[in-house]
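Values quoted throughout were computed directly from the atomic coordinates according to the rules given, and no laboratory measurement underlies them. Here the structure is a predicted model, which is why all the values come from computation and not from measurement. Methodologically, a virtual Cβ is constructed for each residue, glycine included, from the backbone with ideal geometry; neighbour enumeration extends over all protein chains shown.
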Amino acid sequence: MTVQPFVSPDLIRQRFSKAMSDMYREEVPLYGALMELVEQTNREVLSREPDIARQLANTGEIQRLDMERHGAIRVGTATELATLARLFAVMGMQPVGYYDLTPAGVPVHSTAFRAVHEAALQISPFRVFTSLLRLELIENPELRSFAESVLAQRSIFTAAALRLISQAETAGGLNEAEAAEFVLQALETFRWHHSATVTAAQYQTLSAQHRLIADVVAFKGPHINHLTPRTLDIDRVQEQMPAHGITPKAVIEGPPRRQCPILLRQTSFKALDEPIAFTDQGSVRGSHSARFGEIEQRGAALTPRGRALYDRLLNAAREELGDFPNEGNAARYNELMAQHFGEFPDSVEGMREQELAYFRYFATEKGLAAAGIGQSSLEDLLREGYVKAEPLVYEDFLPVSAAGIFQSNLGDAAQTHYGEHSNRQAFEQALGRATIDELALYAETQRRSIEECLAQLAR
Ligand code: OOG
Ligand code: NI
């Protein structure tokens, strides 16, 4: 008997990300239009700005840029979330971070499934922002138990997907044929369904409580609600969207435009109204909007100190604005953001000296050619040009931004105020494991890069 080797989880994730993108492109043509616009803009930026091209080549990000994307889903039960964690684990994706969306009036809490090691991220940085509906926040007991009973009846995974997950867990991996089948079966969980699992009236009741509750409860599964490509110039894409038949939300979420991008900037276009058949209607008569488009620009991952500064400046700008950013106050918001963020150093050196961001260190050609520098300190090596620091890219999400993305798709009517807030413990209990601290991951990557760089120069 010949032993068939396992396909690496990183390659399964890379294939799954591609399969998901192909499916979404077919189902939502505007996503295809957005992808083209992003690709074209990225090409322009790379030829216009040799420094950016050089930096991305140094860090290797240039190779992952075209396949870089994140998606988002929302699930209804602990079992669904825990099984998703197992499904994503087959593709080398772990739950990183905890996001509480209740302050923004969205009754969910979330994590991001993603690869955690820089080498794995390089093969495929695919991430899925995954939210769990907090049914305990539905005050009406009848509605809550109705939602629970509807969710209890559905199974969001195919039998073959469940079998392959168990197989991967017990055998330690999947061979080529199993991996190919796994990608196809896993995809089914995220597919759009044109028919709901409830009547039109039940849908209305759920939706009246919160549109998000209807989106999770009334369907057969957690349809992927957007897929987000990474752009190198989000302002340019935002500006060009209308000419391509795409209407963006009023403001770009995250930090303002800078020389040295930090964290994550995002913008989205409104969810599409799509025809849906309810269980008491023969033909397609109702409609539901859930699926939208989004783009993102990624910058440096911030240290706890950098993040505290970011949060302080963002809060100050929003406080001064006195309202959620919207069409009416967008210009003022951008002004306030630029003004407040003037305090945040906008150079690699400034951010490094003040320990605001994480970096990866690379031995330069000059460093590799020099002899007898093995004992020098990192600071000396940097000063002499033997080592170069490049910002470590932020791989995660931002709660205030995520809230803005949710809101822009739910409409202003969705502003509910929940008494209860963050409950990481309940989330992790549902998940069946702890979420990983993203800051520890960045610190580890930075430490490994210093070690490798010094080892290289000592040789
Ligand atoms: C997720 C919204 C958040 C992001 O990129 O921050 C998000 C959702 O609507 O399910 O996608
Ligand atoms: Ni998103």
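Aspartates and glutamates near Lys220 by alpha-carbon distance under 19 Å, same-chain residues fewer than 8 away left out - which ones?
Glu27, Glu80, Glu148, Glu188, Asp273, Glu274, Asp280
Relative to the longest principal axis of the C-alpha atoms of the chain, give the angle of the C-alpha long axis of helix 399-410, reported between 0 and 90° and rounded to the nearest 10°.
Between the helix axis and the principal axis of the chain, the angle is about 40 degrees.
Can you give the angle from 0 to 90° between the axis of helix 78-90 and the longest principal axis of the chain, with both taken from C-alpha atoms, to the nearest 10?
40 degrees
Quick one: Karplus J couplings for region 223-228, per residue in order, coefficients 6.51, -1.76, 1.60, θ = phi - 60°, nearest Hz, x for Gly and Pro?
3, 5, 9, 6, 9, 10
Please compute the net charge surrounding Arg448, taking Lys and Arg as +1 and Asp and Glu as -1 over other residues with Cβ under 13 Å from its Cβ.
-2
Filter the GluC sites (Glu not before Pro) in region 278-343 to those in DSSP coil with at most 12 other Cβ atoms within 10 Å of their Cβ, and list the result.
Glu327
Can you tell me what share of the DSSP beta bridges in the chain is antiparallel? A percent to the nearest 5 is fine.
Within the chain, antiparallel bridges account for around 75 percent of the total.
Choose one of Ile138, Ala196, Leu56: the residue whose Cα lies farthest towards the positive end of the charge dipole of the chain (beta-carbon charges +1 Lys, Arg; -1 Asp, Glu; about the Cα centre).
The residue sitting farthest along the positive end of the dipole is Ala196.
Taking K and R as +1 and D and E as -1, what net charge do the other residues with C-beta under 15 Å from the C-beta of His194 add up to? Walk me through the numbers before you get to the answer.
Details: positive: Arg191, Lys220, Arg285, Arg291; negative: Glu26, Glu27, Glu188, Asp215, Asp273, Glu274.
Charge balance in the 15 Å sphere: -2.
Around Glu320, with a cut-off of 12 angstrom between Cβ atoms, what is the net charge of the other residues, counting Lys and Arg +1 and Asp and Glu -1?
Spelling it out: positives minus negatives among the neighbours equals -1.
From the phi angles alone, apply the Karplus equation (6.51, -1.76, 1.60; θ = phi - 60°) to region 142-150 and give each ³J(HN,Hα) in whole Hz, x where the residue is Gly or Pro.
5, 5, 4, 6, 5, 4, 4, 6, 5
For Leu227, enumerate residues with amide H under 5 Å from its amide H, sequence gap 5+ or separate chain, H modeled in the peptide plane.
Placed amide hydrogens put Glu294 under 5 Å from Leu227.
Can you tell me the dipole magnitude for the chain around its Cα centre, using point charges on the Cβ only (Lys, Arg +1; Asp, Glu -1), in Debye to the nearest 20?
With only Lys, Arg, Asp and Glu charged at Cβ, the dipole is about 540 debye.
Can you give the relative contact order of region 370-459 as a percent, counting alpha carbon pairs under 8 Å and 6+ residues apart? Could you put the intermediate results ahead of the total?
Values: 20 pairs, mean separation 47.3, N = 90.
Computed value for region 370-459: 53 percent relative contact order.
Along the positive direction of the dipole of region 225-267 (beta-carbon charges: Lys, Arg +1; Asp, Glu -1; about the Cα centre), which of Ala243, Pro229, Pro256 reaches farthest?
Going by the charge dipole, the pick is Pro256.
Would you calculate, for the chain, the mean residue ellipticity at 222 nm contributed by helices, counting each DSSP H stretch of 4 or more residues as -39,500 (n - 2.57) and dividing by all residues, to the nearest 500?
-14500 deg cm²/dmol
Beyond 38 Å, what share of the Cα-Cα pairs of the chain remains, rounded to the nearest whole percent? Can you show the working numbers first?
Values: 26716 of 105111 pairs.
It works out to 25 percent of all Cα pairs.
Going by amide H atoms built from the backbone, whose H comes under 5 Å of the H on Ile262, apart from near neighbours?
Ala300
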